[in-house]
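What follows is one structure encoded as structure tokens, with my remarks underneath.
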Amino acid sequence: MILGLETSCDETAAAVITVDGDILSNVVASQSELHARFGGVVPEVASRRHLELVSPVVREALDQAGASTGEIEYVGVTRGPGLIGALLVGLAAAKGLAWGAGLPLVPVDHLHGHVASLYLLPASVDPPFLCLIASGGHTLLAGVRERGRFEVLGQTRDDAAGEALDKGARLLGLGFPGGPAIELLAEDGDRESFDLPRGMDRDAGLDFSFSGVKTALLYTTRELGGRELERRRADLAASYQAAVVGQLTDRLERALADGEWEAVALGGGVAANGPLRARAAEICRERGLRLKLVPAELCTDNAAMIASAARFVEPAPYPEYLAWDAAA
Ligand code: KG4
Ligand code: ZN
């Protein structure tokens with residue numbers, strides 16, 4: 001069995017999986033409510049909450065799996081990227097745990113974790129596939145030819161897709177997290193009603209940029225002002241969502257243009273978005289490609305994906321790992 005720990009943002013998570021990728025427990029304590037009143041994650045608040053939660057969450061994950069530390073082969077922990085203070089809490093906890101139980105420790109890259117969520121049972125996917133991970137912290141288009149590795153094809157140059165939705169929701173006076181709030185309101189709106197920039201600049205290649213559409217939304221809300229904004233809010237939400245999702249699916253189409261990929265996988269919190277899923281399904285159907293959607297509970301940050309990724313990284317023995325720092 002493998003124990004995984006994840007504390008890179010605002011989820012305190014621990015999980016136990018088997019080396020084959022069976023999930024025995026997957027405990028996630030979300031701090032989302034704690035940060036909601038600030039309209040986003042406050043790093044120092046997150047670190048302190050991780051400190052309170054990490055031990056009980058690990059204990060719960062071991063209990064649910066019916067495992068003792070003696071049955072764990074190694075511990076996998078997110079080393080980065082993420083909020084530095086938040087990462088440090090998980091890393092220190094994992095070091096202590098591994099040291100105490102005489103286990104090797106495996107440093108896991110958070111993005112490798114998201115990709116490795118695709119290798120968990122019962123719906124494991126085999127490479128090669130094209131992978132889009134879009135969440136509050138990252139927007140990554142990756143080519144995966146073998147487990148444990150991927151090639152970065154495109155990344156965001158500024159905000160992450162989910163971050164753009166969260167900030168947009170704030171401008172529209174909606175709650176946090178913004179993605180679901182915008183999706184809900186957009187159902188009552190017309191996505192053609194506002195012409196917001198979609199970042200379709202060909203020079204960007206497969207990279208993403210959401211600062212343009214965010215600024216355009218800001219100016220549009222100012223121009224409309226007060227009652228008119230209130231009246232057009234759903235239309236604006238629909239247009240904004242269409243611009244963000246449109247850019248994601250545009251890059252997906254660009255990446256598929258060379259015909260190399262036979263399967264596409266979507267993960268990360270934004271992959272819960274209905275219009276994104278629908279458009280990705282359409283793109284795959286048109287090209288006769290398989291589409292794999294990461295299950296919802298594995299889309300958002302969790303530790304099962306970290307334990308999964310740990311299987312493809314060389315474990316470090318004690319005392320080598322004691323010197324590790326978090327990599328923000
Ligand atoms: O993967 P995740 O839980 O955490 C990070 O690693 O960031 O992703 C959270 C992000 C938030 O920005 C949230 O607004 C977005 O995913 N999100 C959505 C939806 N559900 C969550 N975005 C669009 N549509 C949704 N239904
Ligand atoms: Zn993440």
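Observations, loosely collected:
- Where only C-alpha atoms are counted, convex hull volume of the chain per residue in Å³: 124 Å³
- Loop-located trypsin sites (Lys or Arg not before Pro) in region 1-88 (DSSP state not H, G, I, E or B) with no more than 14 neighbouring Cβ atoms inside 10 Å: Arg37.
- Tail fraction, Cα-Cα pairs, region 83-185, threshold 17 Å, whole percent: 66 percent
- Note that region 233-238 has calculated 3J(HN,Hα) couplings of 4, 5, 4, 5, 4, 5 Hz, one per residue in order, obtained from phi through the Karplus relation 6.51 cos²θ - 1.76 cosθ + 1.60 (θ = phi - 60°); glycine and proline are x.
- Highest mobility in the GNM of the chain, judged by mean-square fluctuation with C-alpha springs under 10 Å and restricted to Arg290, Arg277, Arg198, is found for Arg290.
- Share antiparallel - DSSP beta bridges, the chain, percent rounded to 5: 55 percent
- With θ taken as phi - 60° and the Karplus curve 6.51 cos²θ - 1.76 cosθ + 1.60 applied, the whole-hertz 3J(HN,Hα) list for region 252-266 is 4, 5, 4, 5, 7, 4, 7, x, 6, 9, 10, 9, 10, 10, 10 Hz, x standing for glycine and proline.
- Stokes-Einstein D (µm²/s) once Rh is taken as the Kirkwood radius of region 3-138 over alpha-carbon pairs, at 10 °C in 1.306 mPa s: 103 µm²/s
- Applying a DSSP loop filter and a limit of 15 other Cβ atoms within 10 Å to the GluC sites (Glu not before Pro) in region 164-204 leaves Glu187, Glu192.
- When nucleic acids and ligands are ignored and a 1.4 Å probe is applied, Leu196 ends up with an accessible area of around 10 Å².
- Long-range HN-HN contacts of Gly76 with modeled amide H, under 5 Å: Leu3, Gly4, Leu5, Val106
- Accessible-area order (highest first, 1.4 angstrom probe) of the listed residues Trp324, Trp99: Trp99, Trp324
- C-alpha center-to-center spacing [region 105-153, region 175-195] in angstrom: 28 Å
- Between the amide H of Phe210 and those of Arg157, Asp158, Asp159, distances stay under 5 Å, these residues lying 5 or more places away or on another chain, with hydrogens modeled in the peptide plane.
- What the Cβ-Cβ distance of Trp324 and Asp203 gives, at R0 = 56 Å and to the nearest 0.05, is a FRET efficiency of 0.90.
The values are calculated or read from the model by the stated rules, or taken from the named source; none is laboratory data. Remember, it's a predicted structure, so these values are computed and weren't measured experimentally. In this analysis, Cβ positions are derived from the backbone assuming ideal geometry, glycine residues included, and neighbour counts consider all displayed protein chains. Surface accessibility is based on the protein's heavy atoms, side chains included, excluding ligands, DNA and RNA. Shrake-Rupley method; radii C 1.70, N 1.55, O 1.52, S 1.80 Å.
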